[in-house]
1. Cβ-Cβ under 6 Å, sequence separation 6+ or interchain: first residue in the stretch 163-192 and closer than 11 Å to I204 by Cα, partner open to solvent by less than 20 Å² (accessible area, probe 1.4 Å) and part of a loop (DSSP other than H, G, I, E, B). Which pairs?
2. Applying the selection to the stretch 60-113, what residues are modelled with pLDDT under 70, in contact with a Gly (Cβ under 6 Å, 6 or more places away or on another chain) and hydroxyl-bearing (S, T, Y)?
3. Starting from the stretch 344-373, keep only residues that are β-branched (V, I, T), then list their pairs with residues that are open to solvent by less than 30 Å² (accessible area, probe 1.4 Å) and assigned to a helix (DSSP H, G or I) whose Cβ atoms are within a distance under 6 Å, requiring at least 6 positions of separation or different chains.
4. Out of the stretch 364-411, which residues are among the small types (G, A, S) and surrounded by fewer than 19 Cβ atoms within 10 Å (Cβ to Cβ)?
5. Six or more apart or on different chains, Cβ under 6 Å: which pairs go from a residue in the stretch 109-132 that's over 16 Å from G51 (Cβ atoms) to one that's β-branched (V, I, T)? Could you list them?
6. Could you check how many residues of the stretch 106-143 are open to solvent by 50 Å² or more (accessible area, probe 1.4 Å) and among the hydroxyl-bearing types (S, T, Y)?
7. Within the stretch 320-342, track down each residue that is open to solvent by 50 Å² or more (accessible area, probe 1.4 Å), closer than 22 Å to V147 by Cβ and modelled with pLDDT of 85 or more.
Amino acid sequence: MAFTDLLDALGGVGRFQLLYTALLLLPCGLLACHNFLQNFTAAVPSHHCRGPANFTTAATNDSGAWLRATVPLDQVGAPEPCQRFTEPQWGLLNPNTSVHGAATEGCQDGWVYDHSVFPATIVTEWDLVCEARTLRDLAQSIYMAGVLVGAAVFGSLADRLGRKGPLIWSYLQLAVTGAAAAYFSSFSAYCAFRFLTGMTFSGIILNSLSLVVEWMPTRGRTVAGVLLGYSFTCGQVVLATMAYLIRPWRWLQFAVSAPFLIFFLYSWWLPESPRWLLLHGRSQIAVQNLGKVAAINGRKDEGERLTKEVVSSYIQSEFASGRTSNTVLDLFRTPAIRKVTCCLVVVWFSNSVAYYGLAMDLQKFGLNIYLVQVLFGVIDIPAMLVATTTMIYVGRRVTVASFLILAGSMVIINMFVPEGIILEKGGGSIKRSRGEAGRAKGGPALKDVEEKSEEISLHQMGAFALKETI
């Protein structure tokens, strides 16, 4: 008898499973806000050099005449963002006059920013433009490095300490470090707290997925996996809405972090994975938790008949075949597993390069950034529906291959779209990236969802960590 048979006997996909899944997927949705948060907190508004402070007319820095005389124009007629004339060129105030070869210099006195759309971002606060523009991308890379480290740390802790403990800690760590990133006025401190925030991404996703799967009967696992993907999709729409309503970056950073304190408080109610408890000799706690679940699902009588011996009998096959511990080396132990692992590395890497390369710099689309963020979320809905349907009726291998071919084709086609066609190019890019995202979520991830606990352990230490290596 399999452990899922016991879950079926205690109500299957009952009230407990529905409530439990909802409580775990809600934080996963808000994680998307942190993943793509720098699209708004690190947005780059229009800017140009501030005029020299030693000129008596510097008080007119923002006037059109002063700007025309002190800042050269670029190829499209906009003020150069990183250059100014060493001396004001008053002759340029005459519309029929042009100046060639005038000496220029960098923005030694700082920049003037357009605050009409973004009142304050980390770019305007710490002047992350021109020579310092790479620091903006560095901050995002540090966050993703935290995701990678968190996958290894929290994946290992989940196998040793259980799923619930690391999940609770991840909620608290995200709430604290996310709020701290909004509070401190140092760029280095901001990056440090973003790194710690990134670590919690893995801790929450890995342990939430494990808990949902290990409390869910087999017939509900695929749907639960799809809902996990949709929660992430909804999170992107929520981010766009919150960013539109809350423009200052510090308040937006705080707004997407504070709810995790609520998740931290109610997560104490969530029961630990019964499979993990049984595999680690804590059968009495497992019996108590299963009894409570049976009562919530309206199967109180079945719950009262449970004993340690009865419950253990449902997991004997896993006792017999389970290893005492798993390491990342298990992903390369046999030729078959080794081949699958290498294929997944390539699939996740290509998916992440294309998807995150687009999704984390939406300003390059040249469209309304709030609308583009919503589109990135909404277009995931049909993509995941198609992926889920083809997985059920066609198979995972064909689904993965088809979406990879589609994604690659869109990448190649996009290379030949003229730059001037902004709308079409942006739409094609979104479709391309979303095709890859739907393929990745619909393929390997949902396949892992349907496996047993020991394979989820390897999934934690392998597939998700590999996904975030870039």
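The values are calculated or read from the model by the stated rules, or taken from the named source; none is laboratory data. Fair warning: this is a prediction, and the values are worked out from it, not measured in the lab. Every residue, glycine as well, gets a Cβ built from its backbone with ideal geometry; the counts of neighbours run over all protein chains shown. Just the protein is used for accessible areas: all its heavy atoms, side chains included, with ligands, DNA and RNA removed. Shrake-Rupley method; radii C 1.70, N 1.55, O 1.52, S 1.80 Å.
1. The qualifying pairs are R163/S273.
2. T97
3. Filtered contacts from the stretch 344-373: I369/L362; V372/L362; V372/F365.
4. Within the stretch 364-411, the first condition is being among the small types (G, A, S), and the residues that meet it are 366, 377, 383, 387, 395, 401-402, 407-409.
G366, G395, A401, S402, G408, S409 - these are the residues of the stretch 364-411 that are among the small types (G, A, S) and surrounded by fewer than 19 Cβ atoms within 10 Å (Cβ to Cβ).
5. Listed pairs, sorted by first residue: T121/T41; I122/T41; V123/V44.
6. Going residue by residue through the stretch 106-143, those that are open to solvent by 50 Å² or more (accessible area, probe 1.4 Å) are 108-109, 114-117, 119, 125-127, 131, 133-135, 137-138, 141.
This time we only want the ones that are among the hydroxyl-bearing types (S, T, Y), so: 116, 134, 141.
The number of residues fulfilling the criteria is 3.
7. Within the stretch 320-342, C342 is the sole residue that qualifies.
Residue-wise test of (1) on the phi < 0 side of the Ramachandran plot; (2) surrounded by 23 or more Cβ atoms within 10 Å (Cβ to Cβ).
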| site | (1), (2) |
| --- | --- |
| C191 | yes, no |
| I205 | yes, yes |
| V226 | yes, no |
| L239 | yes, yes |
| L245 | yes, no |
| R250 | yes, no |
| P259 | yes, no |
| W269 | yes, no |
| G281 | no, no |
